[in-house]
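Comments concern the structure below.
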Amino acid sequence: MRVGILGPIEVESAAVGGARLRLLVARLAVAAGRAVTAEELAGCLWPDDPPADPGNALQSLVSRLRRALPETGALVSVPGGYRLDAGTDAEAFDRLAAEARRQPDPALRERLLTEALALWRGPALGELAALPFATGHAVRLEEARLAAVEDRAEARLALHARTVGRPVPEADVVGELAGELGELAGRHPLRERLHALRVRALHAAGRRAEALAAYEECRRALAAELGTSPGPELREAHLEVLRAEPLRPRRTNLRAPLTSFVGRDAELARLHDQLRTGRLVTLVGPGGAGKTRLATTAAAALVAEHTATWLVELAAVTDPADVPRAVLSVLGDQASRHPGVTGTTEALAEALSPGRVLLVLDNCEHVVEAAARLAEELLGRCPRLRVLATSREPLGILGETLGPVPPLPPEPAVRLLADRAAAIDPALVLDADVAAEICRRLDGLPLAIELAAARLRALTPRELADRLGDRFLLLTGGSRTALPRHRTLRAVVAWSWDLLDDDERVLAERLAVFAGGFDLAAAEGAGGTLDVLAALVDKSLVQAAGDGRYRMLETIREYGLERLTDAGLLSEARARHAAHYRDLAERAEPHLRGPDQLAWIGRLLADHDNILTALHHAADTGDADTALRLAAAMGTFWVIRGFSADSVGWLERALALPGSAPRQARLIASAVCLINGALAGGHIRAEPALRELRRTAEEVEPEPEHPVLAMLQPALALFTDDSAFGMEVIGRRLSHPDPWTRGMLYVARAALKENDGDMAGSREDLLSACGHLRVAGERWGLSMALTSLAEAHAMFGEFDAALAAMAEAMTLLRELDPDAGLLHQQGWRAQILVRQGDVARARAEFRAMLEPDGGEPSEHDLAFAHLGLGDLARMEGEFGGAARSYERAAALLEESASVAPQLRALVLIGQGHLAVACGALEEAAGRVAEAVELTLLVRDMPVLARAAVALAELREAQGAPERAATLTGAAERLRGAPDAALPDVARLASRLRARLGEARYAAAHADGRALPPAEAVSLVRAATSDTRADG
């Protein structure tokens, strides 16, 4: 809903009758969405003769107004008053006027301002303008209206200046403008800006005498009324009229563009600012980035601000000595009016000195020294001259301001492709994803995109995208009138390459093998120096990417690779590249387990594409030494950063290479490959994988120094459920000199104790692990220990400690990866909240897991969330919702090939509880029995304890409460902790106490809890048979 206040008060799509209703609407509307108190409204409506009960009278008017409005909810009652949630035409006017002032293009400014002024239907606030509340608003709005009229007049004058010397369709447009401004000047005799615009309009219309008279009229009014003289703007307009020559048929040689100008709004605005504050601006960027089009567009928009604007195209100049003559030839008779001047530079200085001149020197890179010398000389001699240069490198003189012209961002790049494609075939519909792919692979370079669009005459967009692998052969259809170096993509890049010296060319070609950017050390590793790299940056072959990183556009990389291939140097360059990143990874590896972890992770992450490229090159060439050393050094990084699944393939490729390599590197790579396969949910328990793990572990010396090798045998013990072996190995190595290794050994021992049902011992080891890992300063291992510690605290009912540990774990993981989803930790935090009784927060956590803020959740995480929601629904008696959640969890697990059996078992346990609640005891028996078998496969005692609780509930439903109580005791024995706050445990214990009495329940429960672990497992096995028999 919109209220009109730029004229008589009106409400869109509504008839609001009555003076007081319109007054009420107006008062609320000018508050612009803010509340107005009842007292203010009453004072506005009845300033002189208030009713006996103003509150009731106001409420009655408000009710009438609500009924009249198209959206009754727009008039909102708030404490002490009312608020109107509606826009106004004044707000729309202000937005358009503000947007216009931000636009450098006078045509766009004029269009926006015309649209803004068209919103006015009369004086602001119409018949209410004289009322006390309205006066200030009306004055402000009328002032804004007049300023917009002035801004539009300025834009129209700028547009007229572009057409000087060209045929003008509406020849009298400035004459009409002068008339409009004259009328306004009569109403505002002391408004100097308005009079300055009138003077300029009269002069532009060829009415010089009237322009001078208009100035004199305003000057006299200012002197008579205020005793002051005209300000700078009005005086400048007067001087322009006095200095003007009678006939200036040509002030610019800029040509009208033949195609639309797409994107570059930010660069255009910045360039206008630079030209207004500086005298030499150089647009720098790679070939084909659109420097010329940006320069000419900016210059055209500034024609009105200069007495002359000249474009000098230097691309065809081959001899640097010809640069001054090229400028002179553009000026023509402007430079021939000084007969006493002999030298070319002197003639240019004489021609460019009068007035404010903008000189555009286009394509300076091949004559950069000559262009720089000329620009410096002319700027020194002509104080009002401005120079705008375009080049692939800076001119490099004092006073120069650089305007980088990078490739187009994705959205405007796609708009450019669509625009040029529509010119070829208006019926062509571009698929957004295909268009984005084309523009991305062409680096967002406008010239490359335009060349690609030309190919759409013969190819579909998909065919074009598929053929971009050979872009230099494909993109050859440039304009016939373009210079040869702009007709093909190869020519554009080759032109830049030919301008390099030998050292620059060698380094540029070697840098082409880098993927995803590089730093100075990498460039030095490729044989370069800081000076040579800086030269490539200056010449736009390399881009500074921030944080000490550099990158090459893909198009330039492809050209460099082509040059290396043709010269037979590609293999040598790739080998040099691989050696650099092998050495970097080996330097980084020990720091990944210490306090400098974040800095080194950042370095490896920045160069991860390069590292993988190096690994694949080593594998492709049979360089086992480099491949295995690189893979071994990267193993820890891949675990920490969540590349476990992907890294298995990379490690296997390195391990498959025959040939000599350091024994320790091969062992570490093997260990990391097998452990990462397990962490990724692979089939580590399959016999071939276990055999390989045992074989690798047997090759490790008894007391290995390297931390990864020290953890290999404990990992084997975990995977094979060999607690005795694991405890013996870990106990031997707890004196390891490295604190990270000691901490992770305690984590491994805690896991073994948890599997054995010793949760108290597990918690004690986790506390020790945290201590050692804090000393090490490593975050990933500490976060894993804290996550497990949080689960242990929760089982003992220490929920505050559990939540604190989980919060710290999540903080550490976010330090390692700010974009990490942390869904595993989020899920267990929700489980802690369930035990704590905060069901609302737990449900919110589970629901948030289904739609995380970052990244795609795995089937495991989604299934865990649905399992948690199913448990909550079941506990609240929402059996239908619980069934649907469990079914969705089960379906997700079926879709995944690598989900741990424990999670499948937990879903079956939930379904078993639900079946008991619904009276389907036979179904419950089957589901819980299946869960028991899955759990025993992996010997996970805490999950087996959950299955035992489900069996106990089933036995209770079958009429065997005492057996059920014994099973609850066995469950506590298996998990090694009471976990009394787990809702299923707490509810079942409460019911059994009620049925058996406290003494009988306690005795039966104690019988189960006293069983040795093996007998507790046997009891659970037996119970599965009993429940099926009794089902």
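Of A785, A776, A794, all but one fail to be within 19 Å of L867 (Cβ to Cβ), in contact (Cβ under 8 Å) with a residue 40 or more places away in the chain and buried (at least 20 other Cβ atoms within 10 Å of the Cβ); the exception is A794. Within the set G969, G997, the sole residue that is outside the structural domain of F796 (by TED's automatic domain parsing) and at positive phi turns out to be G997.
Against the definition (aliphatic (A, V, I, L, M), over 21 Å from V78 (Cα atoms) and either in contact (Cβ under 8 Å) with a residue 12 or more places away in the chain or in the same structural domain as F93 (by TED's automatic domain parsing) (or both)), how does V30 come out, yes or no?
On the way: aliphatic (A, V, I, L, M): yes; over 21 Å from V78 (Cα atoms): no; either in contact (Cβ under 8 Å) with a residue 12 or more places away in the chain or in the same structural domain as F93 (by TED's automatic domain parsing) (or both): yes.
No.
Here A107 clears all of (1) farther than 23 Å from R22 by Cα; (2) assigned by TED's automatic domain parsing to the domain that holds L41; (3) at pLDDT below 85; (4) crowded, with 17+ Cβ neighbours inside 10 Å except the condition numbered (4).
Can you find, within the range 213-243, the residue that is farthest from A161 (Cα to Cα) among those that are in contact with a helix residue (DSSP H, G or I) (Cβ under 6 Å, 6 or more places away or on another chain) and part of a helix (DSSP H, G or I)? Talk me through it step by step, then tell me what you get.
Filtering the range 213-243 for residues in contact with a helix residue (DSSP H, G or I) (Cβ under 6 Å, 6 or more places away or on another chain) gives 214-215, 218, 228, 230-231, 233-234, 237-238, 241.
Among the residues that remain, those that are also part of a helix (DSSP H, G or I) are: 214-215, 218, 233-234, 237-238, 241.
Working: A214: 21, Y215: 21, C218: 24, E233: 18, L234: 19, A237: 15, H238: 17, V241: 14 Å.
Step by step, filter the range 213-243, then rank; the result is C218.
With a requirement of 3 or more residues that are of a type in the set (D, E, K, R) and at pLDDT 95 or above, the helices (runs of 4 or more DSSP H) lying completely within the range 558-645 that satisfy it span 570-588.
When the range 809-833 is limited to residues that are crowded, with 19+ Cβ neighbours inside 10 Å and in contact with a Gly (Cβ under 6 Å, 6 or more places away or on another chain), the one that is farthest from E851 (Cα to Cα) turns out to be A830. Residues that are modelled with pLDDT under 95 and among the hydroxyl-bearing types (S, T, Y) were ranked within the range 852-896; the one that is nearest to the chain's Cα centre (by Cα) is S858.
I'd like to check something: does the range 733-740 contain any residue that is small (G, A, S) and in contact (Cβ under 8 Å) with a residue 12 or more places away in the chain?
Applying the first criterion (small (G, A, S)) to the range 733-740 yields 735.
Still in the list and also in contact (Cβ under 8 Å) with a residue 12 or more places away in the chain: none.
Within the range 733-740 (the criterion being small (G, A, S) and in contact (Cβ under 8 Å) with a residue 12 or more places away in the chain), the answer is no, since none of the residues qualifies.
Of all residues in the range 709-729, those that are free of Cβ contacts under 8 Å to residues at least 24 places away in the same chain have Cβ atoms under 6 Å from Cβ atoms of residues that are not hydrophobic (A, V, I, L, M, F, W, C), 6 or more apart or on another chain, in V729/Q713; V729/P714. Screening G527 with (1) over 23 Å from the mean Cα position of the chain (by Cα); (2) within 24 Å of L447 (Cα to Cα); (3) not β-branched (V, I, T) gives one miss only, at (2).
Scanning the range 974-997 for residues that are at pLDDT below 95 and farther than 19 Å from L954 by Cβ, which turns out surrounded by the fewest Cβ atoms within 10 Å (Cβ to Cβ)? Across the range 974-997, the extreme among qualifying residues is A980. Return the residues of the range 592-650 that are in contact with a Cys (Cβ under 7 Å, 6 or more places away or on another chain) and of a type in the set (D, E, K, R); say none if nothing qualifies. The answer is none; no residue qualifies. When D756 is tested against (1) modelled with pLDDT of 95 or more; (2) surrounded by fewer than 24 Cβ atoms within 10 Å (Cβ to Cβ), just one condition goes unmet, and that condition is (1). Evaluating V513 against the criteria (1) assigned to a helix (DSSP H, G or I); (2) crowded, with 22+ Cβ neighbours inside 10 Å; (3) modelled with pLDDT of 90 or more leaves one unmet condition, (1).
Within the range 901-945, the set of residues being surrounded by fewer than 24 Cβ atoms within 10 Å (Cβ to Cβ), under 26 Å from G976 (Cβ atoms) and charged (D, E, K, R) comprises R904, E930, E933, R939, D940.
Considering A534, A521, A544, A508, which residue is modelled with pLDDT of 90 or more, in a strand (DSSP E or B) and either within 23 Å of E393 (Cα to Cα) or not assigned by TED's automatic domain parsing to the domain that holds T318 (or both)? Spell out the reasoning first.
Details: A534 fails: in a strand (DSSP E or B); A521 fails: in a strand (DSSP E or B); A508 fails: in a strand (DSSP E or B).
Sole residue among the options that is modelled with pLDDT of 90 or more, in a strand (DSSP E or B) and either within 23 Å of E393 (Cα to Cα) or not assigned by TED's automatic domain parsing to the domain that holds T318 (or both): A544.
Scanning the range 566-588 for residues that are under 12 Å from R629 (Cα atoms) and among the acidic types (D, E) yields a total of 2.
I need a count of the residues in the range 259-296 that are among the hydroxyl-bearing types (S, T, Y), farther than 27 Å from L499 by Cα and part of a helix (DSSP H, G or I).
Restricting attention to the range 259-296, the residues satisfying the condition of being among the hydroxyl-bearing types (S, T, Y) are 259-260, 277, 282, 292, 296.
Imposing the further condition that a residue be farther than 27 Å from L499 by Cα reduces the set to 259-260, 277.
Adding the requirement that they be part of a helix (DSSP H, G or I) leaves 277.
The number of residues fulfilling the criteria is 1.
Being closer than 29 Å to E504 by Cβ and either over 32 Å from the mean Cα position of the chain (by Cα) or hydrophobic (A, V, I, L, M, F, W, C) (or both) is a property that A599 lacks. Exactly one residue out of V76, V25 is in the same structural domain as A129 (by TED's automatic domain parsing) and crowded, with 20+ Cβ neighbours inside 10 Å: that is V25.
The values are calculated or read from the model by the stated rules, or taken from the named source; none is laboratory data. What you are looking at is a predicted structure, and each value in this text was computed from that prediction instead of being measured. Neighbour counts run over all protein chains shown; Cβ positions are idealised from the backbone, glycine included.
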